[in-house]
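Visitor: First the structure, which I've put down as structure tokens, then a few questions once you've had a look.
The values are calculated or read from the model by the stated rules, or taken from the named source; none is laboratory data. This one's a predicted model, so the numbers in the text were calculated from it and none came from an experiment. A quick note on method: Cβ atoms are made from the backbone with ideal geometry, for glycine too, and the neighbour counts reach across all protein chains shown.
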Amino acid sequence: MFKVLRDWVQRYFSDEEAVVLAVLLFLAFTAVLTLGGMLAPVLAGMVLAYLMQGLVVALERLRVPGGVAVGLVFALFMGILLVFIVVVVPLLWHQLITLFNELPGMLVKWQSVLLLLPERYPHLVSDEQVLRAIEVMRGEIGKFGQWALTFSLSSLPLLVNIMIYLVLVPILVFFFLKDREMIGQWVRGYLPRERALLTRVARDMNRQIANYIRGKVIEIFICGGVTYVAFVVLGLNYAALLAMLVGISVVVPYVGAVVVTVPVLLIALFQWGWSDQFIYLMAVYGIIQTLDGNVLVPLLFSEAVNLHPVAIICAVLLFGGLWGFWGVFFAIPLATLFKAVLDAWPRKEPVVAPLL
């Protein structure tokens, strides 16, 4: 047993750079896992600065001075943030409150629809099953009401956290953009001089993560915007709220689109029933999802993520359980990082004795 373990260690950890890389990955993972809550504004600032760094570099290639390029990109970021706070947030909040107020009426209507099922399909649905389904719906609505009451009572600390984010994150984004070279040199100063493996993994992951994160953010905005316009044109209620859910759903591959279809379908059924308007809406929604998966994604992501669907789902479940939304958002890059490290990891092949 000890010989097998010793041979395994010698095969995979005989290279000093491999040991250093393993220690750095372990320390980074532990720091984010234990200090992620306290350092959340810093992590959010790093992600946003990373997203905008490509635009700064593009402006610098056009011979725009570095300070001016950072100022222009930061002004664009602040403008988008201001529009989101002044326009989008009040609209989403208003539709959320309206939906909450109309939930009892929706429940009554769905009860009347469900009670007709045993009469029309007595061999498929019984009265007991319908009554049990109604009780489950009432229980879920009651849980949602309790959550809303608890949320309203504890909203003051949440508002304080939001204010902290609104102040700290823009400041951090500005300094991460302005001093990115100095920060990079400071970090490299603490790394070993011989770091060919680290450089190779970092270069590969920088290319893949940049492509994925920027493409995913653009996909969220395009899917959400196109869906909002389509829902408004068709006259669907809660268009902004549902469009936001559709945009966020692209973060979770395979599962997100299926899950977000349920509220879209239920609200459309409550508003129109089995009518031509409902069929038009679901057809348009299906076209948007099809174009997203078959046209938009190949255009945005220049490098395909070479991961099996099972690996992607496992990564979403694992990192989402550890870090919530950010874990879900970075699940695929983190899984890609893990795969890149495994592919680049130096291995000492075992010596095979010659046959006599």
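Visitor: For the structure I just gave you, tell me whether residue 219 is among the acidic types (Asp, Glu) and more than 18 Å from residue 331 (Cβ to Cβ).
Guide: Spelling it out, it is not the case that residue 219 is among the acidic types (Asp, Glu) and more than 18 Å from residue 331 (Cβ to Cβ).
Visitor: Within segment 221-232, is there a residue that is buried (at least 16 other Cβ atoms within 10 Å of the Cβ), over 20 Å from residue 327 (Cα atoms) and polar (S, T, N, Q)?
Guide: Our first condition is that a residue be buried (at least 16 other Cβ atoms within 10 Å of the Cβ); within segment 221-232, this holds for 222-224, 226-228, 230-231.
The next check asks that each one be over 20 Å from residue 327 (Cα atoms); those that pass are 222-224, 226-228, 230-231.
Within this subset, residues satisfying the condition of being polar (S, T, N, Q) are 227.
Scanning segment 221-232, I find at least one residue that is buried (at least 16 other Cβ atoms within 10 Å of the Cβ), over 20 Å from residue 327 (Cα atoms) and polar (S, T, N, Q), so the answer is yes.
Visitor: Can you pull out the helices (runs of 4 or more DSSP H) entirely within segment 257-356 that have at least 2 residues that are modelled with pLDDT under 80 and surrounded by 12 or more Cβ atoms within 10 Å (Cβ to Cβ)?
Guide: Hits in segment 257-356: 297-300, 309-329, 331-344.
Visitor: Could you count how many residues in segment 69-79 are surrounded by 12 or more Cβ atoms within 10 Å (Cβ to Cβ) and either aliphatic (A, V, I, L, M) or touching a strand residue (DSSP E or B) at 6+ places or on another chain (Cβ under 8 Å) (or both)?
Guide: Total meeting the criteria: 6.
Visitor: Here is a follow-up. Being surrounded by 13 or more Cβ atoms within 10 Å (Cβ to Cβ) and either farther than 14 Å from residue 170 by Cα or not assigned by TED's automatic domain parsing to the domain that holds residue 163 (or both) is the filter here; which residues of segment 31-52 pass it? Working first, answer last.
Guide: From segment 31-52, those surrounded by 13 or more Cβ atoms within 10 Å (Cβ to Cβ) are 32, 36, 39-52; that's our starting set.
Correct list: 32, 36, 39.
Visitor: Could you check how many residues of segment 237-256 are out of contact with any helix residue (DSSP H, G or I) (no Cβ under 6 Å at 6 or more places or on another chain) and farther than 19 Å from residue 216 by Cα?
Guide: Total meeting the criteria: 0.
Visitor: Turning to a different aspect of this structure: Which numbered condition in (1) out of contact with any Pro (no Cβ under 9 Å at 6 or more places or on another chain); (2) modelled with pLDDT of 85 or more is the only one that residue 241 fails?
Guide: Single failed check for residue 241: (1).
Visitor: Under 6 Å between Cβ atoms, at least 6 apart or on separate chains: pull out the pairs that start in segment 81-96 with a residue that is on the phi > 0 side of the Ramachandran plot and end on any residue that is modelled with pLDDT of 85 or more and part of a helix (DSSP H, G or I).
Guide: Close Cβ pairs (under 6 Å, with a partner that is modelled with pLDDT of 85 or more and part of a helix (DSSP H, G or I)) do not exist here.
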